[in-house]
Amino acid sequence: MKVWLVGAEGQLGKSIIAHVNEHCAVYKASLHLVCSSKKDVDICHFPSVSDFVTEHSPDIIVNAAAFSDVESAENNLKRCQQVNVTGVANLTNAAKALAIPIIHISTDYVFDGNSSVPYIETDSTHALNVYGQSKCESEALVQQISDKYIILRTAWLVSSFGRNFAKTVMSLSKQHSQLSMISDQLGCPTFADDLATTICHIILAIEKGKSDWGIFHYCGDTAMSWYELTENILDEAVIQQKITSRPDVFAITSDEYSAEAIRPKYSVMNCQKIHDIWGIVTPEWKDSLKRLVQNL
Ligand SMILES: NC(=O)c1ccc[n+]([C@@H]2O[C@H](COP(=O)([O-])OP(=O)(O)OC[C@H]3O[C@@H](n4cnc5c(N)ncnc54)[C@H](OP(=O)(O)O)[C@@H]3O)[C@@H](O)[C@H]2O)c1
């Protein structure tokens with residue numbers, strides 16, 4: 001399978017590359033990555049997308065590119081729409097023209113957080129912020145344009161790559177003795193390496209002829225707040241001797257933190273469908289946390 005990995009310089013893109021390199025013995029025979037970053041192919045520009053597929057003839061497209069800065073999206077609506085909607089339409093049209101599948105990454109922020117039970121794939125979407133709305137639109141377009149698609153909704157991605165909450169906590173812990181973290185938003189932190197494993201698993205299954213297209217949820221198995229996630233990371237960092245002094249962490253509410261974007265209070269997703277259909281088991285968060293902190 002020649003896989004066009006779009007967004008190769010992003011957190012997930014780098015995690016996929018690292019994962020494939022680390023397990024090259026497993027993937028060598030069947031998974032060949034052709035990577036592009038924004039400087040290689042701007043997905044908003046259809047001729048660039050079209051030229052790339054003509055040159056490389058991929059067997060599948062994995063879209064890890066996005067305007068992913070939830071805060072900045074509030075003041076950059078046009079650019080966010082271009083990347084997350086027009087860009088995704090361009091990639092999906094290119095996939096359709098080649099009759100190949102596309103794996104597109106979406107988010108828990110398509111939901112408004114008013115549920116009290118984990119969201120399933122068929123629950124109604126209602127995004128609270130510009131970023132979430134753009135991802136909702138991207139999902140609709142992928143489904144409209146393609147008949148061979150996997151939309152993977154994930155959440156709270158953390159890794160040693162790019163900008164993410166885990167790296168921010170580690171960096172803050174070295175500068176401050178006290179941290180304040182939001183305790184009234186619940187989500188499921190997801191180690192990007194685990195998501196990379198899942199994406200590779202799906203690609204290999206597609207290569208063998210599996211074709212169960214649709215929307216799937218994939219996130220860490222444990223729901224927690226940003227406050228609890230901070231405690232988890234710091235506790236593990238102390239155990240692994242990644243930090244010498246541990247800051248005290250104080251719980252605050254969303255109202256006490258000034259943010260541009262409104263975020264769902266509860267964006268916990270149910271991952272039963274991806275388990276039942278694609279055989280994917282979410283690793284225990286404790287195990288993911290250990291591997292995450294080892295890499296930080
Ligand atoms: N991060 C999370 O917590 C989270 C949670 C749920 C879902 N997701 C989804 O997961 C996916 C991966 O997220 P991530 O954390 O890896 O995001 P990321 O680190 O921001 O990576 C996205 C990449 O896309 C690139 N990009 C932006 N505009 C582009 C364009 N016009 N053409 C080509 N590439 C472009 C970015 O380049 P520049 O940096 O140079 O702009 C960046 O390298 C995204 O679909 C995101 O919406 C993320």
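Going through the range 163-188 one residue at a time, which ones are at pLDDT below 95 and within 12 Å of the ligand (Cβ to nearest atom)? Hit for the range 163-188 is 163, nothing else.
Cβ-Cβ contacts under 9 Å between residues 6 or more apart (or on different chains), taken from a first residue in the range 254-275 that is under 16 Å from residue 182 (Cα atoms) and open to solvent by 80 Å² or more (accessible area, probe 1.4 Å) to a second residue that is part of a helix (DSSP H, G or I) and of a type in the set (Asp, Glu), are listed as 260/71.
Please go through (1) within 15 Å of the ligand (Cβ to nearest atom); (2) over 17 Å from the mean Cα position of the chain (by Cα); (3) farther than 30 Å from residue 31 by Cβ for residue 141 and return the number of the only condition it doesn't satisfy. Among (1) within 15 Å of the ligand (Cβ to nearest atom); (2) over 17 Å from the mean Cα position of the chain (by Cα); (3) farther than 30 Å from residue 31 by Cβ, the lone unmet condition for residue 141 is (3). In the set (1) under 15 Å from the mean Cα position of the chain (by Cα); (2) on the phi < 0 side of the Ramachandran plot, residue 20 fails one condition alone, (1). Of the strands (runs of 3 or more DSSP E) lying entirely inside the range 1-91, those containing at least 3 residues that are open to solvent by less than 60 Å² (accessible area, probe 1.4 Å) and of a type in the set (Val, Ile, Thr) span 60-63. On the basis of being closer than 29 Å to residue 223 by Cα and open to solvent by less than 50 Å² (accessible area, probe 1.4 Å), does residue 138 make the cut? Here the answer is yes, as residue 138 does meet what is asked.
Among the strands (runs of 3 or more DSSP E) confined to the range 147-230, the ones with at least 3 residues that are more than 20 Å from the chain's Cα centre (by Cα) are located at 178-182.
The values are calculated or read from the model by the stated rules, or taken from the named source; none is laboratory data. Keep in mind that what you see is a predicted model, and the values were worked out from it rather than measured. In this analysis, Cβ positions are derived from the backbone assuming ideal geometry, glycine residues included, and neighbour counts consider all displayed protein chains. All accessible areas refer to the heavy atoms of the entire protein, side chains included, with ligands and DNA or RNA removed. Shrake-Rupley method; radii C 1.70, N 1.55, O 1.52, S 1.80 Å.
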